[in-house]
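See below for the structure under consideration.
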Amino acid sequence: MVDLNGQYQSIKERINSSILSILDSSAFINGPEVHAFQNELEEYLGVKHVIPCANGTDALQIAMMGLGLQPGDEVITADFTFAATVEVIALLQLTPVLVDVDEDTFNIDITAVEQAITPRTKAIVPVHLFGQCANMDALMALAKKHNLYVIEDNAQAIGANYTGANGNKQKAGTIGHVGSTSFFPSKNLGCYGDGGAIFTNDDTLAHTIRGIVNHGMYERYHHDVVGVNSRLDSIQAAVLRAKLPLLDSYCEARRIAARKYSKAFKGQPNIAVPVTVNNCDGICDTCDCHVFHQYTLRITNGKRDALAQHLNDKQIPFGVYYPIPLHKQKAYAEVRYNETDFPVTNQLVNEVISLPMHTELDDEQISYISHTVIGFVNG
Ligand SMILES: *Cc1c(COP(=O)(O)O)cnc(C)c1O
């Protein structure tokens, strides 16, 4: 699915020398490397504050702690996402409210969000699934109207641009009140272990969060709030500093691969290719709204599982993200959920299949993979 080694080989010297210099410095935690990465990422994203932390799940949790969400507060998020999003909501004893997603973009359905808002709702967590932003204009308008926070789970869309209705371009994760991301190795900007970060333009919130990540300390050994221990280490920061200048070219390599896949699938019945919607008329030949963390097809003739088996036999990697909707997971199922509220998620879990997507894909691989898929689905 990903070719981390191929990517490493192309940047090996830079990475190795950065890591060795950390070993020489012995500044493993909160060293200058972490600070430099923080500044460079702030610059890249055009956001006032980046707070590095230990992973993307922590980033979400800390964002919610920073906003002061209290047990019983309702937080609306998508039914079709990785469990981390709903996990931290539940862990903080907030009430997760799962809603359906949009069939074309896989992102949170705005009408469903609106219908789920109650007087207890405090926040909305859009997940920019597979590399494309949710409809942030609509979400920010809803948030303003109902006085809610928007926390962007940007683990899959770092580097994506979002063009608002006013024509302004902003980076994914910097549009809501706070955003989070993950540097897990297979993410678009991945380190060689665990890592994450929180983004915000709010000075007060940034200050609060900087204390929370460090045991609630704003002054040494003065613990003003209940915090956590969540740090990005210097070795991971060194890897990320080496890779950040390449992020745009990595995103472009993914887009080029996605366009080639979509061209190969063009006109094929039963195979729905990813749809891009932000200000690019769905064509996306030139735009930068999608960074294709995953290239995800919908197989609409009921042959998804059989295709998965076939790809397995042909030794072509694939992923099914996600096979079970969160509202049906044991840990998060609630009697108040009605199956009729999740028609799209219930359909997507049977249709989606993600093909190999990374920065090192070549034409021959894309052609072989797409022909194998077409031959099986429509053969
Ligand atoms: C990867 C991911 C996370 C969690 O990131 P970790 O660094 O693995 O904790 C959260 N949300 C989404 C949507 C993800 O894809």
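Against the conditions (1) within 15 Å of the ligand (Cβ to nearest atom); (2) open to solvent by less than 20 Å² (accessible area, probe 1.4 Å); (3) farther than 19 Å from N338 by Cβ; (4) hydrophobic (A, V, I, L, M, F, W, C), A90 satisfies every one except (2). Screening V50, V2 for residues that are among the β-branched types (V, I, T) and either part of a loop (DSSP other than H, G, I, E, B) or in contact with a Gly (Cβ under 6 Å, 6 or more places away or on another chain) (or both) leaves exactly one candidate, V2.
For region 187-205, the set of residues classified as surrounded by fewer than 24 Cβ atoms within 10 Å (Cβ to Cβ) and out of contact with any helix residue (DSSP H, G or I) (no Cβ under 6 Å at 6 or more places or on another chain) consists of K187, G190, D194, N201, D202, D203, T204, listed by residue number. A count restricted to region 214-241 and to residues that are in a helix (DSSP H, G or I) and modelled with pLDDT under 95 stands at 0. Where helices (runs of 4 or more DSSP H) sit wholly within region 276-379, those with at least 2 residues that are open to solvent by 80 Å² or more (accessible area, probe 1.4 Å) occupy 304-313, 363-378. Might you let me know whether region 113-124 holds any residue that is out of contact with any His (no Cβ under 8 Å at 6 or more places or on another chain), crowded, with 18+ Cβ neighbours inside 10 Å and assigned to a loop (DSSP other than H, G, I, E, B)? For region 113-124, residues out of contact with any His (no Cβ under 8 Å at 6 or more places or on another chain), crowded, with 18+ Cβ neighbours inside 10 Å and assigned to a loop (DSSP other than H, G, I, E, B): absent.
Report yes if G211 is modelled with pLDDT of 95 or more, away from the ligand (no atom under 16 Å from the Cβ) and not in a loop (DSSP other than H, G, I, E, B), otherwise no. Here the answer is yes, as G211 does meet what is asked. Looking at this structure, is V335 within 21 Å of the chain's Cα centre (by Cα), modelled with pLDDT under 95 and among the aliphatic types (A, V, I, L, M)? Spelling it out, it is not the case that V335 is within 21 Å of the chain's Cα centre (by Cα), modelled with pLDDT under 95 and among the aliphatic types (A, V, I, L, M).
Could you please let me know if I19 is of a type in the set (V, I, T), in a helix (DSSP H, G or I) and in the same structural domain as G176 (by TED's automatic domain parsing)?
Values: of a type in the set (V, I, T): yes; in a helix (DSSP H, G or I): yes; in the same structural domain as G176 (by TED's automatic domain parsing): yes.
Answer is yes for this residue.
Of the residues that make up region 69-76, is at least one assigned to a loop (DSSP other than H, G, I, E, B), surrounded by 24 or more Cβ atoms within 10 Å (Cβ to Cβ) and acidic (D, E)? For region 69-76, residues assigned to a loop (DSSP other than H, G, I, E, B), surrounded by 24 or more Cβ atoms within 10 Å (Cβ to Cβ) and acidic (D, E): absent. Could you list all residues from region 10-64 that are hydroxyl-bearing (S, T, Y), open to solvent by 20 Å² or more (accessible area, probe 1.4 Å) and more than 16 Å from the ligand (Cβ to nearest atom)? Result: S10, S17, S21, S25, S26, Y44. Restricting to region 149-171, name every residue that is surrounded by 18 or more Cβ atoms within 10 Å (Cβ to Cβ) and out of contact with any strand residue (DSSP E or B) (no Cβ under 6 Å at 6 or more places or on another chain). Selection gives Q156, A157, G159, A160, K171. I'm trying to understand the selection: among the residues of region 172-186, which are outside any strand (DSSP E or B) and either surrounded by 20 or more Cβ atoms within 10 Å (Cβ to Cβ) or away from the ligand (no atom under 14 Å from the Cβ) (or both)? Across region 172-186, the qualifying residues are A172, G173, T174, I175, G176, H177, F183.
Which of the residues spanning region 77-87 are part of a loop (DSSP other than H, G, I, E, B) and either open to solvent by 20 Å² or more (accessible area, probe 1.4 Å) or outside the structural domain of D224 (by TED's automatic domain parsing) (or both)? Listed by number, the residues that qualify are F82, A83. Restricted to region 126-141, and to residues that are in contact (Cβ under 8 Å) with a residue 24 or more places away in the chain and in a helix (DSSP H, G or I), which residue is nearest to the ligand (Cβ to nearest atom)? Per the criteria, the residue is L129.
The values are calculated or read from the model by the stated rules, or taken from the named source; none is laboratory data. Keep in mind it's a predicted model, so treat the numbers as computed, not measured. Neighbour counts run over all protein chains shown; Cβ positions are idealised from the backbone, glycine included. Heads up: the accessible areas ignore ligands, DNA and RNA and are worked out on the full protein's heavy atoms, side chains in. Shrake-Rupley method; radii C 1.70, N 1.55, O 1.52, S 1.80 Å.
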